[in-house]
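Reading through the structure tokens given below for one structure.
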Amino acid sequence: MGKMLVFLGGAIAALGVLVMLAQKYGGNGWFGWFGNLPFDIRVEKENFRFYFPIGSSILVSIILSFIIGIINKLFR
């Protein structure tokens, strides 16, 4: 269990670094579509902004479930 947590933490850290680099150097390149998926709720008024990324959350959940399933099969 400890090895899996270390591996998962490293993978999440690496993904975070990739996202930061993509935002810094890519602008809206790699992840410009992320946050503009169907079911992402965005309300912008004059002095009010509300953003609830349901579609993006579902996509991240599916991807992480797939990755964790693969990791789980590798360590068993």
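The values are calculated or read from the model by the stated rules, or taken from the named source; none is laboratory data. If you're wondering where the values come from, they're calculated on a predicted model, not measured in any experiment. We place every Cβ from the backbone using ideal geometry, glycine too, and count neighbours over all the protein chains shown.
Taking the conditions (1) outside any loop (DSSP other than H, G, I, E, B); (2) farther than 30 Å from residue 4 by Cα; (3) not basic (Lys, Arg) in turn, residue 47 satisfies each one other than (1). In contact with a helix residue (DSSP H, G or I) (Cβ under 8 Å, 6 or more places away or on another chain), in a helix (DSSP H, G or I) and either among the basic types (Lys, Arg) or at pLDDT 85 or above (or both) - does that describe any residue in segment 34-43? Within segment 34-43 (the criterion being in contact with a helix residue (DSSP H, G or I) (Cβ under 8 Å, 6 or more places away or on another chain), in a helix (DSSP H, G or I) and either among the basic types (Lys, Arg) or at pLDDT 85 or above (or both)), the answer is no, since none of the residues qualifies.
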